[in-house]
Amino acid sequence: MNKVVARRDFGELSSAIKWATWPSICLAAAVVLIVYRDMFPDWFVVPPNLWTEQLPLPYVAFENRMPVAMDWSGTNLADWFNAIIHFLRKHEFFDLFTFRDITRALTQLVVWPLDFAEDLLVSGFRDLGIPGIPWIISVGLAAVLGWYLKGWRLSLLSGACIAYFAVFGLWQLAMTTLSLILVTAPMAIAIGIGLGILASKWRWFERVLWPVLNLMQSLPHFGYLIPIVVFVGLGHKAGAVATILFAIPPMAKLTIVGLRGVSSEVLDAGVMAGCTPRQMLWRVRIPAAQKTLMVGVNQVIMQCLAMVVIASFVGARGLGIDLLFRLQTLQLGRALESGIAIVLMAVTLDRLSQALTEKEPEHKTAGSLWNAHPFLFVAATIIIVGTAIALLVPEAIVLPRDFTITLAPIWDTIIKSVVFGLYDPLSFIREYAPPYLLIPIREFFKELPWIVFLGVFMFTGWRLGGWRMAILVGVFIGFVVLSSWWTEFMVTTYLVFVAVVVCVLWAFPVGIWAAAKDGRTRVVAFLCDTFQTFPSFIYLIPVIMLFQVGTISQILAIVIYAGIPMVRYTYLGLRSVPNEIVEAAITSGCTPRQVLWKVRLPLAFPNIMLGLNQTIMFSLFMVMIAGFIGGNYDLAREIFKAKANNDAGLGILLALCVAFLGLSTDLLIQTWANRRKARLGLATDN
Amino acid sequence: MTTEAKLSCEQLWKLYGADPEKFFASHGDRPTQADIASGGYICAVRDVSFDVYPGEIVVVMGLSGSGKSTLVRCLSRLIEPTGGEISFEGQNLLEASRKEMIDIRRHKMGMVFQHFALLPHRTVIDNVAFPLEVQGINRAKRHERAREIIELVGLSGRERYYPRELSGGQQQRVGIARSLAVEPDIWFLDEPFSALDPLIRREMQDEFLRLQSLLKKTIVFITHDFDEAIRLADRIAIMYEGAIVQFGPVEELVLNPATDYVRDFTKEIPKEKFLTVGRVMGPVVADCGTLSIGESDLIGDVAAKVIDYEGVACVRDEHGQAVGSLTRGHVAKILFPEES
């Protein structure tokens, strides 16, 4: 008997040793390679451009039309993309039209509603001599919408939001942005639902679509902009197209998930009622998936708003371009005012669409017109009275400049005093962080042999998901190795690494703190909800105020933006530990500290890792956006340069490098977390 | 029985695995248990044959995983059987085209689901009218019909409610009403009361019996609850690992269990709940007392009367003719089987 037990113990021990053998061997190898990297040739640390320079380029095949010559060397993978783009631009299918003709024609479908919405909201129909909707009517209608969807609080918020635009002299800009969203969001929703329906119809289509959506969701925002300049051109419409493309993936994904999530009994009930396949889709599956679809609608609106600001880089008009201009000219007070306008719009649209999601179908009360449709009645009244006022008082249409107010001078004073007050305390960070912390880490990353980097990813992939995952991850990182931008890629990786470490340092304790009491959770949940609706660009404002432009600002912007999901997943993970288990721990005599460290954290750990995953993805987005204030020799800088040079192929290549880093970490962490959850017997995602 | 079966299935099989049809055909349409296990297949329905006659309630009883839900879905062709035949009103159901199936479901079949399967975005009346709506019947007409059925299941006044505003029992009443909206010839009920509280369950069973006494539908009723089966069934089919191990009236199952599995199941069943006086009575005696009881009464219903009565109770058929006698001893033997 004892012998058996002993043997089993030994077996466990030996298997533990076996499990640890490979990691330790690999770790040792990595350390040796890093320490003795100087003894190896140069190509060992940075993959040389030579490797890709000899690659045959496909454009030879395209009808003898030579593409534009690239004047920088070693961008041969980029040339591949350029060759494809060139083909799509110049090759005439059936000698009639090029791919670009098609994209430009399709853009017209966006332009018409866009013009109409803008005319309606602000510019007015000049041919007919009708002005845009007077601001007092807009305020009133927004308030009625809020009241109808939720109640007086939301009514107040949405009314105040529109009024803010008018009063602070941002009317033109804000209404342009709003019209952009009102056009792009429904289009993205329609396309996303359409793709989702097709995917649920054909299994093969879903198999193709899902990875494409994953890739689209990990591409940095600028990755969308550069090809769009080629195929659509610059300007407002290009911004609209970029916004639509950017917002499609979440809608398509949630449509697939929602349609798949309809309970099999409800489907059976539909079949037994004698539904044709078409009736099944439109009368059973889509209505039953309504909740999930509405979550998608909310996400689309948020994505649109985030992109609308960034789309100003390709010429989208509205609040975004204003904010960008003010930031670049360091008019911080004005920038703050535009920023607040964007945040207000984001929060309001988020709350409105959430209210729409949560709104349960209501009983219609029969009776008089007033009783049956009170909101329509009020809305009609507002329109009639508003029109009457607008006819009498022109100020009610667009508030003239003299009547608008701006708090910019006050903001500037406040900012100055805050910056002045904080300048000395913060000089510590400014002075000591770069030489003693940031630069050494950066040099370490720059000199990290690519074999080690690739090896760590592939080895982790192999341990978690076998050779298939190792190869997949290897292909992702291998693409970057061959991209000729390895050093810039590693600088970006270093920025993300530092930012993620700092994120964990602040967000993890905050999450633990928030999970301890109901009241705290509520407050932190509200703050997370609110901050997460802010378009990423907004985070640059306070950071620039305090630290000017530079690496620290770039990292700080990431740290604030990307820490939020970490906070959220930490407290959600801790709170989702089954109450029974916590009670069992307490009755076993655990101190509160022991309950946290021995029971709740281990059980919440997979969820916290998913939070880390989100933090990494958010960091990758933000590192590209904040690159515009960072001044590092990283991928963000190169992507800005590519945009300036109109080098779409290079832009796509760089965006793909970022996306592949994101996809690999996402794959590894999700696989780990799901395996761990399954082992703990917790519900897994997917 | 002389009447024609409403629904009958013949050697019905359902296998899960890779290309089950091919595997099934390659084993001569009768794979053994060993074949199935070694091929890596899972057999949900195994060689099931039975008939359901008009106006009859057949209860399919089995524990979870016994294949009863798969069986009822094969009968309604929500799941395609791997092999066998199903005939419904003389028509070969498995040869019906997709279009024909839609037509049959629209006019001749109704089904009730365990978790109600109501459409959350529709009111009670629109849920009930849903099968009529997909047929293209106009609003006024379908609402009129829906209102009739809603009244029948006792939900009048709640037509405008949404499912989330109803209790579980009420939601299932909606499910029942919906399945009856098209006046089906065959009515499938898949564990309709399993998700309800015991008290509500009993109430719903009574409701179900009341409806059936009015409508006289042909019914296939799935349950895992043997008490429910006894209360409702004309005949019970006991399923075990995909096969029907015994099929017959309750009495037969209890008195002549075909296998140990059925015996284990029926051992605990109080016999007075299904045995009729006619089954246990003694011969007609001359000194028959003043207490008369019916031949088809359940022992459980007359036990108290017989025990209180001093003499021998007289058993009469529906015409009042004396056909036998019942003593306290007879009743005691049924009520206390262990002590006798």
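The values are calculated or read from the model by the stated rules, or taken from the named source; none is laboratory data. Everything numeric in this text was worked out from a predicted model, so none of it was measured. Backbone-built Cβ (ideal geometry, glycine too); neighbour counts: all protein chains shown. Accessible surface areas use protein heavy atoms only, side chains included; no ligands, DNA or RNA. Shrake-Rupley method; radii C 1.70, N 1.55, O 1.52, S 1.80 Å.
Once fully extended, how much extra length lies between A:Ala644 and A:Asp42, figured as 0.36 nm per residue of separation less the alpha-carbon to alpha-carbon distance?
213.6 nm
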Quick one: check the C-alpha center-to-center distance for the range A:548-602 versus the range B:305-339, whole angstrom. 73
Which sequence of A:Leu344, A:Leu96 reflects their accessible areas, 1.4 Å probe, from the largest down? A:Leu96, A:Leu344
Using a 1.4 angstrom probe and counting only protein chains, how large is the accessible area of A:Ile629 in Å², to 10? 10
What whole-number value in Å² describes the accessible area per residue of the range B:52-268 for a 1.4 Å probe? 40
Within chain B, helix-based [θ] at 222 nm, where runs of 4 or more DSSP H residues each add -39,500 (n - 2.57), nearest 500: -10500 deg cm²/dmol
Looking only at lysines whose Cα falls under 27 Å of A:Lys201's and that sit 8 or more positions away or on another chain, we get A:Lys253, A:Lys291, B:Lys14, B:Lys22, B:Lys99
Shielded by partner chains, the range A:230-277 residues - at least 10 Å² of accessible area, 1.4 Å probe, vs chain alone: A:Glu265, A:Val266, A:Asp268, A:Ala269, A:Val271, A:Met272, A:Ala273, A:Gly274, A:Cys275, A:Thr276, A:Pro277
Let me know the shape class of chain B, please: from the alpha-carbon gyration tensor, a ≥ b ≥ c as square roots of the eigenvalues, rounded when a/c is under 1.5, otherwise prolate if a/b is greater than b/c, or oblate. oblate
For A:Phe97 the rounded accessible area (nearest 10 Å², probe 1.4 Å, non-protein molecules ignored) is 70
Quick one: accessible area per residue over chain A, 1.4 Å probe, rounded to a whole number of Å²? 49
Might you report the magnitude of the Cβ-based charge dipole of the protein assembly as shown about its Cα centre, with Lys and Arg at +1 and Asp and Glu at -1, to the nearest 20 debye? 2180
Compute, for B:Arg316, the solvent-accessible surface of its heavy atoms (probe 1.4 Å) with the complete set of protein chains present, and express it in square angstrom to the nearest 10. 80
Solitary cysteines of the protein assembly as shown, where the nearest other Cys Cβ is not under 4.7 Å: A:Cys26, A:Cys161, A:Cys275, A:Cys304, A:Cys503, A:Cys528, A:Cys590, A:Cys657, B:Cys9, B:Cys43, B:Cys74
Which of B:Ile307, B:Ile57, B:Ile104 moves most in a GNM of chain B, Cα contacts under 10 Å? B:Ile307
With contacts defined as alpha carbon pairs under 8 Å and 6 or more residues apart, what's the relative contact order of chain B in percent? 18
Carbon and sulfur together cover what percent of the accessible area of chain A at a 1.4 Å probe radius? 68
One finds the C-alpha centres of the range A:624-662 and the range B:196-214 to be spaced, in Å, by 69
Quick one: with all protein chains in place, what share of the accessible area of the range B:273-335 is carbon or sulfur, to the nearest percent (1.4 Å probe)? 52
13 Å beta-carbon shell around A:Leu332, net charge (K/R +1, D/E -1): +1
Given the options B:Phe23, B:Phe193, B:Phe113, state which has the largest fluctuation in a GNM of chain B using a 10 Å cut-off (strictly under) for Cα springs. B:Phe23
Compute the Cα gyration tensor for the range B:273-335, then decide on rounded, prolate or oblate, letting a ≥ b ≥ c be the square roots of its eigenvalues: rounded whenever a/c is under 1.5, prolate when a/b is larger than b/c in the other cases, and oblate in all that remain. oblate
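Over both sides of the A-B contact, add up the buried accessible area with a 1.4 Å probe and give it to the nearest 100 Å².
Counting protein atoms only, the buried area is about 2100 Å².
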Could you give each residue of the range A:298-312 its phi-based ³J(HN,Hα) in whole Hz, using Karplus coefficients 6.51, -1.76, 1.60 with θ = phi - 60°, and x for Gly or Pro? 4, 5, 4, 4, 5, 5, 4, 5, 5, 7, 4, 5, 5, 5, 5
When the accessible area of the range B:31-188 is computed with all protein chains present and a 1.4 Å probe, what percentage of it is carbon and sulfur? 45
Helix A:2-35 versus the longest principal axis of chain A: what angle, 0 to 90°, nearest 10, using Cα atoms? 70
Restricting the range B:254-340 to GluC sites (Glu not before Pro) in coil, as DSSP defines it, with at most 13 other Cβ within 10 Å: B:Glu268, B:Glu310, B:Glu318, B:Glu338, B:Glu339
Which ³J(HN,Hα) values, rounded to whole Hz and listed in residue order, are derived for the range A:442-456 from phi using the Karplus coefficients 6.51, -1.76 and 1.60 in 6.51 cos²θ - 1.76 cosθ + 1.60 with θ = phi - 60°, glycine and proline given as x? 4, 5, 4, 5, 5, 9, 5, x, 5, 4, 5, 4, 4, x, 4
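Using just the helices of chain A, give the 222 nm mean residue ellipticity in deg cm²/dmol: DSSP H runs with n ≥ 4 each add -39,500 (n - 2.57), and the total is spread over all residues, rounded to 500.
-25000 deg cm²/dmol
Using a 1.4 angstrom probe with every protein chain in place, what is the largest-first accessible-area order of B:Tyr41, B:Tyr161?
Largest accessible area first, the list is B:Tyr161, B:Tyr41.
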Against the longest principal axis of chain A, how steep is helix A:203-218, in degrees 0 to 90 to the nearest 10, with axes from Cα atoms? 90
At a cut-off of 50 Å², which residues of the range B:148-181 become less accessible once all protein chains are present than in their chain alone, using a 1.4 Å probe? B:Tyr162, B:Arg164
Relative to the longest principal axis of the C-alpha atoms of chain A, give the angle of the C-alpha long axis of helix A:486-515, reported between 0 and 90° and rounded to the nearest 10°. 80
